[in-house]
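Take a look at the structure below.
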Amino acid sequence: MSEIAKTAAAENSVPFVKRYAVWIGFFIMLMAMPFIFSSNIGLYTMNLMGIFIIFALSYNMLLGQGGMLSFGHAVYFGLGGFMSVHFMNYIEDGAFIFPMWLLPIFGGLIGLVFAIIIGSFSTRKAGTVFAMISLGVGELMAASSLIFVAFFGGEEGVSGDRTMGPPLFGFDFAQDIQVYYLIAAWVFVSVFLMYLFSRTPAGRMANAVRDNAERAEFVGYSQRKVRFVSFCISGFFAGIAGGLFAINFEIVTEENLNALTSGVVLLMAFIGGVGFFVGPIIGAVVFTLLQSILSNYTDIWQLYVGVLFVLTVMYAPHGLTGIMMMHTPAFKMKRLGSLLVPYLRIGIPTVCFMAGIAGFLESIHHVRGAPVDETMMSLIGIEFSTHSVTPWIVIFLLTVVGGYLAKTQVSQFKDAWDTANDPNADSEGASS
Amino acid sequence: MSVAIELQDLRKSFGPTEIIRGVDLQIEKGERHAIIGPNGAGKSTLFHLISGRYNLSGGTVHLHGEDISNLPPYEIYRKGLSRSFQVTNIFPNMSVFENVRCGLMWAKDYKYSFWHLVDREHDLNHKTAQVIEEIGLTSRQHIPAGVLTYAEQRALEIGISAAGGADVIMLDEPTAGMSHSETDQAIELIRKITEGKTLVMVEHDMGVVFDVADRISVLVYGEIIACDTPENIRNSKAVQEAYLGAEAED
């Protein structure tokens with residue numbers, strides 16, 4: 001017990017900077033990003049990233065922390081967006097004076113209200129029942145959005161103007177960079193609050209209910225109420241993300257609350273890794289990058305995202321964060337360097353293999369999709385004719401040889417991995 | 001002495017099969033009570049009925065004079081009855097420390113709070129550390145509970161069950177599957193952690209039962225055929241025929 005007291009005391013005496021190093025680093029990064037990526041497309045991408053980070057983290061409050069698989073989380077995101085864009089218009093009409101930068105609060109509140117209503121019956125059970133209800137509610141909302149035109153604006157949605165509010169320190173949000181800092185501020189605060197939530201009794205019990213709902217009932221907690229609390233708070237933050245979406249794009253449509261958006265957030269959380277707090281952040285960043293960059297180069301980027309998702313589910317259920325975390329034991333033993341060569345040996349043929357597959361898919365897509373007489377296509381700057389034989393041979397060779405070589409390297413990689421993670425350093429791993 | 005648990009004509013059927021067929025039992029406050037009986041006698045079912053996991057088909061359960069029949073498990077827990085399970089039932093992905101802390105939070109009145117930070121609640125963490133020391137897992141407190149050894153998991157579960165300070169503790173076969181030395185340790189732990197409390201346990205190990213219990217109930221085919229001190233149970237002819245004799249023949 002004295003040991004515990006000591007560690008507790010030690011934790012308290014850690015200097016402020018060291019204790020909050022991650023948050024300070026996060027803050028500095030958010031502030032500095034526009035100086036590194038100052039182009040319009042860069043800002044556009046980062047704004048979207050910020051919105052998706054909040055959205056994906058709110059989703060993970062359900063899936064990762066609470067064990068609730070939702071297929072309808074876009075409902076709260078979309079409703080938050082609609083509510084915010086309406087308030088944006090009220091401000092513009094002079095109905096009342098309200099700073100534009102606080103607008104997402106309204107998004108959050110409507111998300112919270114609907115989460116309270118829907119959560120009151122959907123959180124009764126976890127698992128399949130919860131998933132089915134979320135799917136049903138999602139479809140219901142998507143259908144209503146085309147019926148209640150006054151609120152949802154029908155097919156063209158509702159648009160607004162974010163520049164009409166009273167300016168804050170000269171910020172009137174006419175420029176994207178100002179919107180970036182607005183989103184960054186909301187991201188910082190929301191991420192911080194969502195992290196804190198995971199450290200509260202309600203957040204801890206959410207984990208407990210996810211792990212073993214029955215046992216939680218025998219330590220005094222109703223599993224339903226534990227889920228309900230998480231669900232409401234998750235809805236609130238999804239609404240905030242929706243409000244930021246409204247400010248960023250100045251338009252919200254039915255698409256923002258339909259099943260597609262619900263699927264996207266599931267994808268982001270899962271690719272990033274639902275078992276880690278930072279997982280969805282990484283997932284949102286990766287997904288947004290794929291969406292905005294890959295889509296410049298290829299029409300079938302969604303196929304690649306889908307393949308990435310399936311591969312993640314099958315081979316890396318802990319997501320990209322899980323893959324990174326697998327390297328911590330080797331990193332702590334300072335053996336990460338010894339993995340470099342094995343990684344290259346397996347990585348280069350794997351890249352060739354994937355390039356072959358991608359080349360094949362792209363060429364097929366071109367043959368099927370392009371006008372009949374247009375045989376020339378361009379792939380990563382290389383121009384070739386899809387009707388000559390050579391490109392197909394190259395693609396074939398890349399796939400087969402790359403695939404074969406990669407396969408031969410698996411055993412050496414496994415050996416290197418085992419050596420790097422030699423368990424004789426067990427004590428070191430346990431002490432952390 | 002006052003009565004901790006009182007069962008009146010308790011019944012439970014699954015479909016047409018009646019598993020518990022009218023059990024009447026009074027367990028005194030502060031008593032160490034063991035329930036024994038052959039496999040399939042309904043011992044675990046009886047536990048599930050008392051602790052709220054199953055709904056009753058008939059009869060009543062009173063805890064400290066209050067009717068708790070058919071209340072959900074968390075309500076029964078809040079009234080001061082905590083239990084462990086025959087098959088280890090913990091939070092496998094959470095650390096040992098977190099497991100015990102989850103067992104303490106309701107008792108410390110945090111309820112569903114999202115305005116307290118658990119790491120800042122020194123009293124809560126201090127008590128958690130105390131319980132972990134009592135169950136002898138201090139050196140293992142930061143590893144996920146799922147990777148503990150079997151005996152450690154059993155100790156952890158007893159810790160979770162007793163952490164909240166419930167005054168009636170029910171343990172379902174706490175020493176099942178343990179070696180002799182592990183059993184001795186477990187018994188030591190149970191004695192320590194249930195001191196001054198009411199203990200109800202299902203147990204197969206007769207050595208443990210006769211060692212720990214003040215009174216023993218013998219459950220055979222859903223009915224209690226005897227309820228007495230260990231000495232009298234050992235000498236009872238009916239019990240020997242129904243249960244102990246059958247064991248000896250194995």
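The values are calculated or read from the model by the stated rules, or taken from the named source; none is laboratory data. Remember, predicted model here, so these are calculated numbers, not experimental data. Methodologically, a virtual Cβ is constructed for each residue, glycine included, from the backbone with ideal geometry; neighbour enumeration extends over all protein chains shown.
Matching residues to (1) under 16 Å from the mean Cα position of the chain (by Cα); (2) surrounded by fewer than 22 Cβ atoms within 10 Å (Cβ to Cβ):
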residue	(1), (2)
B:VAL147	no, yes
B:GLU152	no, yes
B:ASP184	no, yes
B:GLY196	yes, yes
B:VAL202	yes, no
B:ASN232	no, yes
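If you go through the range B:82-122 one residue at a time, how many are in a helix (DSSP H, G or I) and farther than 30 Å from B:MET201 by Cβ?
Initial filter on the range B:82-122 (in a helix (DSSP H, G or I)): B:96-105, B:118-120, B:122.
Imposing the further condition that a residue be farther than 30 Å from B:MET201 by Cβ reduces the set to B:118-120, B:122.
Here the count works out to 4.
From B:VAL61, B:VAL100, B:VAL131, grab the single residue that is buried (at least 21 other Cβ atoms within 10 Å of the Cβ), under 19 Å from A:VAL226 (Cβ atoms) and either over 17 Å from the mean Cα position of the chain (by Cα) or more than 8 Å from chain A (Cβ to nearest Cβ) (or both). Break it down stepwise before answering.
Working: B:VAL61 fails: under 19 Å from A:VAL226 (Cβ atoms); B:VAL131 fails: under 19 Å from A:VAL226 (Cβ atoms).
B:VAL100 is the lone residue from the list that is buried (at least 21 other Cβ atoms within 10 Å of the Cβ), under 19 Å from A:VAL226 (Cβ atoms) and either over 17 Å from the mean Cα position of the chain (by Cα) or more than 8 Å from chain A (Cβ to nearest Cβ) (or both).
Does the range A:356-372 hold any residues that are under 15 Å from A:LEU303 (Cβ atoms) and aliphatic (A, V, I, L, M), and which are they?
Passing the criteria: A:ILE357, A:ALA358, A:LEU361, A:ILE364.
Of these, A:VAL226, A:VAL264, A:VAL286, which one is of a type outside the set (Lys, Arg), assigned to a helix (DSSP H, G or I) and within 14 Å of chain B (Cβ to nearest Cβ)? If you could, list the steps in order and put the result at the bottom.
Numbers: A:VAL264 fails: within 14 Å of chain B (Cβ to nearest Cβ); A:VAL286 fails: within 14 Å of chain B (Cβ to nearest Cβ).
That would be A:VAL226, the only listed residue that is of a type outside the set (Lys, Arg), assigned to a helix (DSSP H, G or I) and within 14 Å of chain B (Cβ to nearest Cβ).
May I ask you to say which residue of A:TYR181, A:TYR195 is within 14 Å of chain B (Cβ to nearest Cβ) and either within 30 Å of B:PRO92 (Cα to Cα) or more than 17 Å from the chain's Cα centre (by Cα) (or both)? Steps first, answer last, please.
Numbers: A:TYR181 fails: within 14 Å of chain B (Cβ to nearest Cβ).
After ruling out the rest, the residue left standing is A:TYR195.
Step by step: first the residues of the range B:2-34, then only those that are in a loop (DSSP other than H, G, I, E, B) and at negative phi, then the one that is surrounded by the most Cβ atoms within 10 Å (Cβ to Cβ). Which residue is that? Show your work before the answer.
The first filter runs over the range B:2-34 and keeps only residues in a loop (DSSP other than H, G, I, E, B), leaving B:2, B:15-16, B:29-31.
From what's left, at negative phi: B:2, B:16, B:29, B:31.
Working: B:SER2: 8, B:PRO16: 5, B:LYS29: 15, B:GLU31: 19.
Here the answer is B:GLU31.
Taking the condition within 22 Å of A:ALA74 (Cα to Cα) and modelled with pLDDT under 90, does A:SER292 pass?
Numbers: within 22 Å of A:ALA74 (Cα to Cα): yes; modelled with pLDDT under 90: yes.
Answer is yes for this residue.
Condition first: among the small types (Gly, Ala, Ser) and either closer than 21 Å to B:ALA129 by Cβ or part of a helix (DSSP H, G or I) (or both). Can you find one or more residues in the range B:230-237 that meet it? Show your work before the answer.
Within the range B:230-237, the subset among the small types (Gly, Ala, Ser) is B:236.
Now drop any that are not either closer than 21 Å to B:ALA129 by Cβ or part of a helix (DSSP H, G or I) (or both), which leaves none.
No, the range B:230-237 has no match at all.
Test B:GLU121 against the criterion of being closer than 29 Å to A:CYS232 by Cβ, of a type in the set (Asp, Glu), surrounded by fewer than 22 Cβ atoms within 10 Å (Cβ to Cβ) and more than 7 Å from every other protein chain (Cβ to nearest Cβ), and give yes or no.
Numbers: closer than 29 Å to A:CYS232 by Cβ: yes; of a type in the set (Asp, Glu): yes; surrounded by fewer than 22 Cβ atoms within 10 Å (Cβ to Cβ): yes; more than 7 Å from every other protein chain (Cβ to nearest Cβ): yes.
Taking the combined requirement at face value, the residue satisfies it.
Got at least one residue in the range A:190-200 being out of contact with any Ser or Thr (no Cβ under 9 Å at 6 or more places or on another chain) and buried (at least 23 other Cβ atoms within 10 Å of the Cβ)? Can you show your working first?
Looking only at the range A:190-200, we keep the residues that are out of contact with any Ser or Thr (no Cβ under 9 Å at 6 or more places or on another chain), and these are A:191-193, A:195-196, A:198-199.
Now narrow it down to the ones that are buried (at least 23 other Cβ atoms within 10 Å of the Cβ): none.
No, there is no match, as no residue in the range A:190-200 is out of contact with any Ser or Thr (no Cβ under 9 Å at 6 or more places or on another chain) and buried (at least 23 other Cβ atoms within 10 Å of the Cβ).
Taking the options B:THR45, B:THR88, name whichever one is in contact with a Leu (Cβ under 9 Å, 6 or more places away or on another chain), of a type in the set (Val, Ile, Thr) and surrounded by fewer than 22 Cβ atoms within 10 Å (Cβ to Cβ).
On the way: B:THR45 fails: in contact with a Leu (Cβ under 9 Å, 6 or more places away or on another chain).
It is B:THR88.
Taking B:ARG120 as the residue in question, decide whether it is over 22 Å from B:THR175 (Cα atoms) and within 21 Å of the chain's Cα centre (by Cα).
Details: over 22 Å from B:THR175 (Cα atoms): yes; within 21 Å of the chain's Cα centre (by Cα): no.
Criteria not met by B:ARG120.
Table: residues versus (1) surrounded by fewer than 24 Cβ atoms within 10 Å (Cβ to Cβ); (2) more than 9 Å from chain B (Cβ to nearest Cβ).
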site: A:ARG210; (1), (2): no, no
site: A:GLY239; (1), (2): no, yes
site: A:PHE245; (1), (2): no, yes
site: A:GLU254; (1), (2): yes, yes
site: A:LEU257; (1), (2): no, yes
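So, in the range B:71-96, how many residues would count as being hydroxyl-bearing (Ser, Thr, Tyr), facing another protein chain (nearest Cβ under 9 Å) and farther than 16 Å from A:VAL209 by Cβ?
Within the range B:71-96, the first condition is being hydroxyl-bearing (Ser, Thr, Tyr), and the residues that meet it are B:74, B:77, B:82, B:84, B:88, B:95.
Filter again for facing another protein chain (nearest Cβ under 9 Å), leaving B:74, B:77, B:82, B:84.
Still in the running and farther than 16 Å from A:VAL209 by Cβ: B:82, B:84.
Total satisfying the criteria: 2.
Taking B:SER139 as the residue in question, decide whether it is surrounded by fewer than 24 Cβ atoms within 10 Å (Cβ to Cβ), part of a helix (DSSP H, G or I), of a type outside the set (Lys, Arg) and more than 12 Å from every other protein chain (Cβ to nearest Cβ).
Details: surrounded by fewer than 24 Cβ atoms within 10 Å (Cβ to Cβ): yes; part of a helix (DSSP H, G or I): yes; of a type outside the set (Lys, Arg): yes; more than 12 Å from every other protein chain (Cβ to nearest Cβ): no.
Considered against the rule, which asks whether it is surrounded by fewer than 24 Cβ atoms within 10 Å (Cβ to Cβ), part of a helix (DSSP H, G or I), of a type outside the set (Lys, Arg) and more than 12 Å from every other protein chain (Cβ to nearest Cβ), B:SER139 comes out as no.
Do any residues in the range A:384-395 that are in a helix (DSSP H, G or I) have Cβ atoms under 7 Å from those of residues that are crowded, with 17+ Cβ neighbours inside 10 Å, where the two are at least six apart or on different chains, and which pairs are they?
Close Cβ pairs (under 7 Å, with a partner that is crowded, with 17+ Cβ neighbours inside 10 Å) amount to A:PRO391/A:SER363; A:PRO391/A:PHE384; A:ILE395/A:GLY356; A:ILE395/A:GLY359; A:ILE395/A:SER363.
Going through the range B:37-72 one residue at a time, which ones are in a loop (DSSP other than H, G, I, E, B), at negative phi and in contact (Cβ under 8 Å) with a residue 24 or more places away in the chain? Can you show your working first?
Of all residues in the range B:37-72, those in a loop (DSSP other than H, G, I, E, B) come to B:37-42, B:52-57, B:64-65, B:68-72.
Going one step further and asking which of them are at negative phi, we end up with B:38-39, B:41, B:53-57, B:68-69, B:71-72.
Of everything in the range B:37-72, those that are in a loop (DSSP other than H, G, I, E, B), at negative phi and in contact (Cβ under 8 Å) with a residue 24 or more places away in the chain turn out to be B:PRO38, B:ALA41, B:TYR54, B:LEU56, B:SER57.
All but one of (1) more than 10 Å from chain B (Cβ to nearest Cβ); (2) over 18 Å from the mean Cα position of the chain (by Cα) hold for A:PRO280; state the number of the condition that does not hold.
The number of the failed condition is (2).
Yes or no, residue by residue, for (1) surrounded by fewer than 16 Cβ atoms within 10 Å (Cβ to Cβ); (2) within 30 Å of A:PHE173 (Cα to Cα); (3) of a type outside the set (S, T, N, Q); (4) in the same structural domain as A:LEU43 (by TED's automatic domain parsing):
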site: A:PHE276; (1), (2), (3), (4): no, no, yes, yes
site: A:GLY283; (1), (2), (3), (4): no, yes, yes, yes
site: A:LEU289; (1), (2), (3), (4): yes, yes, yes, yes
site: A:SER295; (1), (2), (3), (4): yes, yes, no, yes
site: A:ILE300; (1), (2), (3), (4): no, no, yes, yes
site: A:THR321; (1), (2), (3), (4): no, no, no, yes
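Kindly check whether there is at least one residue in the range B:143-161 that is within 8 Å of another protein chain (Cβ to nearest Cβ), over 19 Å from B:LYS197 (Cβ atoms) and not aromatic (Phe, Trp, Tyr).
yes
Of all residues being part of a helix (DSSP H, G or I) and touching a strand residue (DSSP E or B) at 6+ places or on another chain (Cβ under 9 Å) in the range A:89-115, which is farthest from A:GLY157 (Cα to Cα)? Just the residue, please.
Only one residue fits best here, namely A:TRP101.
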